[in-house]
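Chemist: Pasting a structure below so you can have a look.
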Number of protein chains: 2
Amino acid sequence: MQVFLPDGKALDLQNGATALDAASLIGPKLAEQAIGARANGKLWDLLTPLPEGAKLEILTTRKPAEAIDLMRHTLAHVMAQAILEVYGSKGFARDSIKMGVGPVIENGFYYDFDLPEPLKFEELEILENKMREIIARDLKLSRYEVTREQALAEFAGRDRYKTELIEGLPDNEPMTFYRQGSEADFTDLCRGPHIPRTGLIPPHFKLTATSGAYWRGSEKNPMLQRIYGVAFATAAELEKYLWQQEEAKKRDHRKLGKDMDLFTFSDEVGQGLPLWLPKGAFIRKKLEDYMYEKEQEYGYDYVISPHITKEALYHRSGHLPYYADGMYAPIEIEGENYYLKPMNCPHHHMIFAARPKSYRDLPARYAEFGTVYRFELSGALTGLARVRGFTQNDAHIYCAKSQVKEEFIKVIKLFEEVYKDFGISDYWFRLSLPDFENNPEKFGEPGPNWDESIAAIRAALEETGAQFVEGIGEATFYGPKLDVQLRTVVGKEESIATNQLDFIVPSRFDLEFTNANGEKETPVVIHRAIMGSFDRFFAFYLEHTAGNFPVWLAPEQARIITISDRHLDYAKQLEAQMKQQKLRVTVDSSSERMQAKIRDAEIAKVPFILIVGDKEILENAVSVREHGKGDRGKVSTTSLMSEIHERVEKRI
Amino acid sequence: MQVFLPDGKALDLQNGATALDAASLIGPKLAEQAIGARANGKLWDLLTPLPEGAKLEILTTRKPAEAIDLMRHTLAHVMAQAILEVYGSKGFARDSIKMGVGPVIENGFYYDFDLPEPLKFEELEILENKMREIIARDLKLSRYEVTREQALAEFAGRDRYKTELIEGLPDNEPMTFYRQGSEADFTDLCRGPHIPRTGLIPPHFKLTATSGAYWRGSEKNPMLQRIYGVAFATAAELEKYLWQQEEAKKRDHRKLGKDMDLFTFSDEVGQGLPLWLPKGAFIRKKLEDYMYEKEQEYGYDYVISPHITKEALYHRSGHLPYYADGMYAPIEIEGENYYLKPMNCPHHHMIFAARPKSYRDLPARYAEFGTVYRFELSGALTGLARVRGFTQNDAHIYCAKSQVKEEFIKVIKLFEEVYKDFGISDYWFRLSLPDFENNPEKFGEPGPNWDESIAAIRAALEETGAQFVEGIGEATFYGPKLDVQLRTVVGKEESIATNQLDFIVPSRFDLEFTNANGEKETPVVIHRAIMGSFDRFFAFYLEHTAGNFPVWLAPEQARIITISDRHLDYAKQLEAQMKQQKLRVTVDSSSERMQAKIRDAEIAKVPFILIVGDKEILENAVSVREHGKGDRGKVSTTSLMSEIHERVEKRI
């Protein structure tokens, strides 16, 4: 048989040859360095026969990251062997340990065990050390095929989980086992792929957690103990991952939202329906005011549409019946069905159509803080990031085709300004294109609508110099999109916002304007959301800042703390003076001691702690302690107030 | 028998004596001036026997307004006689005219006729003149009782409506007829009361309209022609009423909303669900921002709650099942019922309860622009004044009982400030009290909760010097209220807002705070809405101003119009300069002539029209035309901009 190398060269091999055979044929040095392969783009190991005609790429020790999932998979097996050895030395019989599945997951692996006694969290270190021992033994992995009968015989009477797994596999396909070392070491029913020797596994792994997991995910089955590990090709990656995990925990917006009294949920109100507490609502209002002001500058007109609407409108827009799963059940009013709106666009179309339009009225940019309701299973709800009703920073731009490029330039600029003001820099645009070849049902035929609009958006991206990637097949059925992707502080990639060009729906709503020649013309629509939804953006931003809100957003900008009670009058005067200047300030007049008050203010992440005592009063000053930066010594009250005003003004 | 005069004196009368008999007994002068009476507070005429033991008050020509409803009733009969005479002179037989009912209504009366040919609107004047003729004949009214048989005989075969009416009356009660003049004039089946002579009817009446009205309101019955009239005791009242009607038509917020592009409705979206167009949404946002700022000053904390909520919460609050008719049908989500919220209070209670509270946290004042949904029949919907979903300027104040007075003072002050800023002066407070005697089921027992809270509100009213009336029986079951009543520019009294003290519901929600002694205490709640709902306030304010919004609210504050095209550059520069200063200004660069542009700007009610030509450019000035005030001549652009800024600042 033949396989093909990356340079296109064909390689003649015996039937059943492996990637190791291929590497050896290319050269002994490659065979020595080989740790895995990719066959037809799919991760492959050195032990498995190659498919006829495969495009083959050999992975080597020079780029271990490329084969990291092979290593993670073998680590799961190494962990299983380590469990046997650890429980063996505890005196448990081999057959008292049963095993479920042990797959690779993002960043690592897990394995589900039925153990004679649970592994304690503290024992993870013992287990990990045992794994490092096994790795150091540099056990060689082998792969062999068995029949169903052989496989069943292997586990008969001693492991019901493996037996069930085998019974669930198709009858006529060969099954494979992977073994590391000798029969005495560890053998598992496994599809692979794996690294060829345990010694090739880099030491940058860590067991992170254990949890209960029902066998096959069903609560009718026994609960197994799942042990999680993470593994990376380099120490730096592992460290970064562990730091991010720690940070993610600290920054979890649900935790911060609770600790900082920003929002809450109530069983009596319902899941996925947030109640915004005063401080959270304050910041959200600031976000809304900020966007309103920006959008006023950019020529948007704010509109307001109702939250429920007749069935007919969503039939016209095409949301019904296709999007019905994403909508809640209808409410009957006087014999007609009304829905909680899942989208604002049909309403904005009605507003556009409410008055005749001429080319002089275009672009018409309608913005709304539009609350929409989309069905989510209760299990999928996540704090403010995934809720059942949320408020979009929504807008629809109605323009002539000739205005698309200019409007996209404005949208991109607005994005960049907003994200800059919020200190978000790790983001990029994705130009989402159709895939006519693989999905003609969705995208229809190529044609001038597609060509011209893609060209306009591309030109806008180039003109603004915005960083962007392309995503074939990511467009909507009604036109190309410009998505905004970002990487969070803790390393997760998220799609935060989207801008969609729509050249299909406007005609469904009979939208039109009179062009300069006096003819009727259908506008195109740009669906656009800068912050996405305020709820989700708030969740993101809370994690982004770890709750250390800049002074322009902080509900409490400064807290005055007195050295002793006799300074309280001065503190109150200062408070009044600062409030006069529209600063958000409080005095901590509780009976606690000064150090405790300072600690409380730090926990509350108040940007400025202002300490006043005899000296400060004499000099008309305060001792400033800036959150996250520490002591700044005495500052005159006047210059402090100007500083705060300036920072509010500049949003820093 | 005896009756009692206003001074308490008893008057001995024959059984069956009338108020005229009583007046004659008191003195001949009173009998001469008498036009009607009040018996036990109810309007009574001089012809009807008085009830035994009645409290009697004689109404005289000196205060004709007190007897105006007697006159209106007689006017309905006079109109019926006039119809007979007018149609008689047209040659129609008496029996070809049939009559329904002819009651008194607010400001006037109507009568429903089945006529051989419809009366044209232009003929109202002829009819009215005929009425004045009949009044001038000074026909005497008489009243007599008849049996059912006699009554039926009177109309048998010639008036099916009267026959049906008689058949619908109770069997054993005597029926009464009223006759004016002789049998040849006009006699009607009627309960009264009436004025004793047509000559006593003042000339200040007018027939205003005709319309179709189904007999007994059912579309299965024939349609009759209803003729409306209004009548007042004085010319001034009639004039004012007619002016108000004209104004009301011009100011109708539905008309202005359409003409000024403020809001719209769409059949596809649904009745009672407004779509706010850019200009309307702009003003509404200004109202919201204004209230937000004011409420910040007054120490309110803004919160946000979801629009749907679980059934259980409204059971706890007591809205379900009692208020179910005012709510929409539930939405089922994962097996549980959710409702569109009709009230925000339960949510605010949940927010209060989300964190432990101490006396130091009180008063907690939670404000929300809370959208609520209340069932309205489609027939009851009226523009923005009565909709199915609206946004309240809502707040709930949680405080200790000892803080009620102080909080009510603040609420009253806030009201007064806001209403002053909006130029609303014709309003007053109504202290709504319980009526233990007549409605013990609703109000329960008197007790310290009632006494103390009423005393606190009364003290707050007295301390602020606010104008107020009292309304016995107008309280809620959970406490006294302070309603805000106003009279609109067109004379209608409306209840625009309400403040309710609630000492019952907080304990249903287990609300509590730790008082200064370390004990748990239940707070009281003040439910409060300054603008009521933004939707309804907007409708009211639109009619109040006739759409002439003050410059701080106007979406377009100034429009620049050039004398000729060569001044356009200067106009654009000026526009940019003013926009730089955050003024909302446009240039009319259309191809219309200057006079047409000025007319357009006047129709759009733009506060300032700025005309620029050669002279203005030379002097760096504009010729100002202020809406509603006319030409102001040349004004330097600098001083104009300061003037606008100052007026925005002062909200004038």
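Read the figures in this text as sums done on the coordinates, not as results from a lab. Remember, predicted model here, so these are calculated numbers, not experimental data. Here the Cβ positions follow ideal geometry from the backbone for every residue, glycine too, while neighbour counts run over all protein chains shown.
Chemist: Restricting to Cα pairs below 8 Å that are 6+ residues apart, what does the relative contact order work out to for chain B? Please round to a whole percent.
Modeler: 9
Chemist: Right, next: Give me the distance between the Cα centres of the stretch A:63-104 and the stretch A:159-232, rounded to whole Å.
Modeler: Each part's Cα centre sits 7 Å from the other's.
Chemist: How large is the dipole of the stretch A:2-62 about the Cα centre if only Lys and Arg carry +1 and Asp and Glu carry -1, each at its Cβ, rounded to the nearest 20 debye?
Modeler: 200
Chemist: Using the Cα centre as the reference, give the magnitude of the dipole from point charges on the C-beta atoms of chain A (Lys, Arg: +1; Asp, Glu: -1; all else neutral), rounded to the nearest 20 debye.
Modeler: 1360
Chemist: Starting from the exponent 0.38 and prefactor 2.2 Å, build the expected Rg for the stretch B:465-516 from its residue count and divide its actual Cα Rg by it.
Modeler: Normalised Rg, Cα atoms only: 1.59.
Chemist: All other residues with a Cβ under 11 Å from the Cβ of residue B:354 taken together, and with Lys, Arg as +1 and Asp, Glu as -1, what is their net charge? All intermediate terms of the calculation are to be shown ahead of the outcome.
Modeler: On the way: positive: A:258, B:355, B:357; negative: A:261.
Residues near residue B:354 contribute +2 overall.
Chemist: Can you list the distances in nanometres, one decimal and ascending, from the residue B:516 label point to the identical position in each other copy, with the point 7 Å along Cα to Cβ?
Modeler: The answer, with the shortest distance listed first, is 7.6 nm.
Chemist: Suppose we take every Cα in the stretch B:291-544 and form the convex hull; what volume per residue is that in Å³?
Modeler: Measuring per residue, one finds 144 Å³ for the Cα hull of the stretch B:291-544.
Chemist: Would you compute the Debye intensity of chain B from its alpha-carbon atoms alone, equal scatterers and no solvent, and pass along log10 I(q)/I(0) at q = 0.06, 0.11 Å⁻¹ to two decimals?
Modeler: -0.51, -1.22
Chemist: Within 10 Å of each Cβ in peptide B:260-273, how many partner chain Cβ atoms are there on average? Round it to a whole number, please.
Modeler: The shielding value for this peptide is 6.
Chemist: If you don't mind, there's one more thing I want to ask. Quick one: dipole size for the stretch A:291-544, taken about the Cα centre, charges +1 on Lys/Arg Cβ and -1 on Asp/Glu Cβ, in debye to the nearest 20.
Modeler: Details: 26 positive and 39 negative charges, 63 e Å.
About 300 debye.
Chemist: Can I ask one more? Which of B:217, B:118, B:71 sits closest to the plus end of the dipole of the stretch B:68-241, meaning its Cα is farthest towards the positive end, when Lys and Arg get +1 and Asp and Glu get -1 on the C-beta?
Modeler: Among B:217, B:118, B:71, the one farthest towards the positive end of the dipole of the stretch B:68-241 is B:71.
Chemist: For the stretch A:349-401, report the convex hull volume of the alpha-carbon atoms normalised per residue, in Å³, without decimals.
Modeler: With only Cα atoms used, the stretch A:349-401 gives 101 Å³ per residue.
Chemist: Out of every Cα-Cα pair in the stretch B:91-141, what percent are more than 18 Å apart?
Modeler: 50
Chemist: Shielding of B:330-336 by partners, i.e. mean partner chain Cβ atoms within 10 Å per residue?
Modeler: Numbers: counts 2, 8, 2, 11, 7, 0, 3.
Going residue by residue through B:330-336 and averaging, the value is 5.
Chemist: Working from the alpha-carbon coordinates of the protein assembly as shown, get Rg over Rh, Rh being the Kirkwood radius.
Modeler: 1.07
Chemist: Between copies, how close do the residue A:91 label points come, placed 7 Å along Cα→Cβ, listed in nm from shortest?
Modeler: 12.8
Chemist: Ignoring everything except DSSP H segments at least 4 long, calculate the 222 nm mean residue ellipticity for the protein assembly as shown; use -39,500 (n - 2.57) per segment, divide by total residues, nearest 500.
Modeler: -10500 deg cm²/dmol
Chemist: Also: Return the Rg/Rh ratio of the stretch A:2-62 with Cα-based radii and a Kirkwood Rh.
Modeler: 0.90
Chemist: Given A:249/A:582; A:579/B:410; A:405/B:255; A:220/A:341; B:140/B:220, which pairs have Cα atoms separated by over 30 Å? Write down the numbers at each step before the final one.
Modeler: On the way: A:249/A:582 35 Å; A:579/B:410 19 Å; A:405/B:255 39 Å; A:220/A:341 38 Å; B:140/B:220 39 Å.
Exceeds cut-off: A:249/A:582; A:405/B:255; A:220/A:341; B:140/B:220.
Chemist: Relative to the other copies, what are the label-point distances for residue B:222, with labels 7 Å from Cα along the C-beta vector, expressed in nm at one decimal and sorted shortest first?
Modeler: 9.1
Chemist: Would you work out the relative contact order for the stretch B:291-544, in percent, from Cα pairs under 8 angstrom that are 6 or more residues apart?
Modeler: That works out to 21 percent.
Chemist: Tell me the net charge near residue B:107. Cut-off is 12 Å between Cβ atoms, residue B:107 excluded, with +1 for each Lys or Arg and -1 for each Asp or Glu.
Modeler: Values: positive: B:72, B:206, B:240, B:492; negative: B:69, B:106, B:237.
Result for the local shell: +1.
Chemist: Sort the following peptides by mean Cβ neighbour count (other Cβ atoms within 10 Å, averaged over residues), highest first: B:568-574, A:216-222.
Modeler: Working: B:568-574: 17.3, A:216-222: 10.3.
For the peptides B:568-574, A:216-222, the packing ranking is B:568-574, A:216-222.
Chemist: Using only the alpha carbon atoms of the stretch B:106-208, find the Kirkwood hydrodynamic radius as the inverse mean reciprocal pair distance, in angstroms to one decimal.
Modeler: One over the average 1/r among Cα pairs gives 15.6 Å for the stretch B:106-208.
Chemist: Largest first, please: the extent of the C-alpha atoms of the stretch B:246-405 along each principal axis, to the nearest Å.
Modeler: 54, 44, 27
Chemist: Taking the Cβ of residue A:16 as the centre, find all other residues whose Cβ is under 11 Å away and add up their charges (Lys, Arg: +1; Asp, Glu: -1).
Modeler: Net local charge, residue A:16 excluded: -3.
Chemist: According to the Cα gyration tensor, what semi-axes, each the square root of 5 times an eigenvalue, does the equivalent ellipsoid of the stretch A:68-241 have, listed from largest to smallest in whole Å?
Modeler: 24, 19, 16
Chemist: Can you give me the C-alpha center-to-center distance between the stretch B:333-371 and the stretch A:550-592, rounded to a whole angstrom?
Modeler: Each part reduced to its Cα centre gives a spacing of 28 Å.
Chemist: Could you work out the relative contact order of the stretch B:121-277, using alpha carbon pairs under 8 angstrom and six or more residues apart, expressed as a whole percent?
Modeler: Details: 177 pairs, mean separation 27.5, N = 157.
Taking the mean separation of contacting Cα pairs over the length of the stretch B:121-277, I get 18 percent.
Chemist: Which value, in Å³ per residue, describes the convex hull spanned by the Cα atoms of the stretch B:558-650?
Modeler: Expressed per residue, the convex hull around the Cα atoms of the stretch B:558-650 is 89 Å³.
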